[in-house]
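Engineer: Can you read through this structure? Questions will come right after.
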Amino acid sequence: MRTRHLAALPAAVAAALLLAACGGGDPEGSGDATEGGVDLVQAGTLTVCTNPPFEPFEFEEDGTVVGLDMDIVGEVAKDLGVTLTPRVSPFEGIQSGADLNSGNCDVVASGITITDERKAKFDFSEPYFDADQGLLVPEGSDLSTVEDLEGKQIAVQQATTGEAWVTDNELTPIQFQDLGLQIQALKTGQVDAAVNDIAVLGPFVSEGLEVAATFPTGEQYGIGVKKGNTALLDAVNATLDRIREDGTYDAIYTDRIGVAPSGDASASADS
């Protein structure tokens, strides 16, 4: 996403960082802090753990990890006055909090649905995206409902809410480590269908596959930081507030999703 460079910190970010310098921050931080008092695992860079391919949120393009999540976390890095360094990691380490607790990265951003279980492991930002589950099937398939899926093998991404949705509906999940492996299994006939967040299924509808159904879940994505790292969490939320207000979020969303946002998490801070 091509966005403007900021000449100075926005007022909301400056205020959040000033408060952080007066008593926030990660009590186990590395000491590599920004001028505003945000501790980073590596000085001068905001390291984000992510798990591509999960287009349009994170995917590789010309050897670089890009996508909607990287655009948003990139805005956080700009506001902090540092560069952004994506670090590819298995989703299990991301959603379990292990990457944050081990110091592998400062933040996790990988289409992570906010859940109570994950809240117990790390702290979430305000939600920034609404995400329902979608059903991907071969073109011409007659599978479109929960009842249709009974007795079928359904590809899911390991440790995701899509897997939880399939399990909760007493269906048969077949685990894969990432979205790309899910899609490959569906294309080769190893499974009958695939379930994942609806927003990431669009790129595959021209590859002999189709989205047969959307299952509303009320899920929302958030950016994760290590528990207790209030300085960084405040900075992330300040950036989210800023990009909602100045139009940057709408531009990122439209560029990556293909339509303008409407009534989604860009206007809501409830999780």
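Engineer: Where residues in region 78-95 are assigned to a helix (DSSP H, G or I) and open to solvent by 30 Å² or more (accessible area, probe 1.4 Å), which of them is nearest to ASP116 (Cα to Cα)?
Structural biologist: Looking at residues that are assigned to a helix (DSSP H, G or I) and open to solvent by 30 Å² or more (accessible area, probe 1.4 Å), I get GLU92.
Engineer: Okay, moving on. Could you go through region 40-47 and let me know if any residue there is open to solvent by 10 Å² or more (accessible area, probe 1.4 Å) and assigned to a strand (DSSP E or B).
Structural biologist: Yes: one or more hits.
Residue-wise test of (1) at negative phi; (2) among the charged types (D, E, K, R); (3) open to solvent by less than 50 Å² (accessible area, probe 1.4 Å); (4) more than 19 Å from the chain's Cα centre (by Cα).
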position	(1), (2), (3), (4)
LEU136	yes, no, yes, yes
ALA155	yes, no, yes, yes
VAL166	yes, no, yes, yes
GLU170	no, yes, no, yes
GLN177	yes, no, no, no
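Engineer: What are the residues in region 119-134 that are open to solvent by 10 Å² or more (accessible area, probe 1.4 Å) and either over 16 Å from LEU68 (Cβ atoms) or at pLDDT below 95 (or both), if any?
Structural biologist: Listed by number, the residues that qualify are LYS119, ALA120, LYS121, ASP123, PHE124, ASP130, ASP132.
Engineer: Just wondering, is there one or more residues in region 96-112 that are open to solvent by less than 30 Å² (accessible area, probe 1.4 Å), in a strand (DSSP E or B) and in contact (Cβ under 8 Å) with a residue 24 or more places away in the chain?
Structural biologist: Yes, the conditions are met somewhere in region 96-112.
Engineer: When GLN190 is evaluated against the numbered criteria (1) at pLDDT 90 or above; (2) farther than 28 Å from LYS119 by Cβ; (3) part of a helix (DSSP H, G or I), which criterion, by number, is the only one it fails?
Structural biologist: That leaves (3) as the condition not met.
The values are calculated or read from the model by the stated rules, or taken from the named source; none is laboratory data. Remember, predicted model here, so these are calculated numbers, not experimental data. No Cβ is skipped: glycine too gets one built from the backbone with ideal geometry, and neighbour counts run over all protein chains shown. For the accessible areas, the whole protein counts, side chains as well, though only heavy atoms, and no ligand, DNA or RNA atoms are used. Shrake-Rupley method; radii C 1.70, N 1.55, O 1.52, S 1.80 Å.
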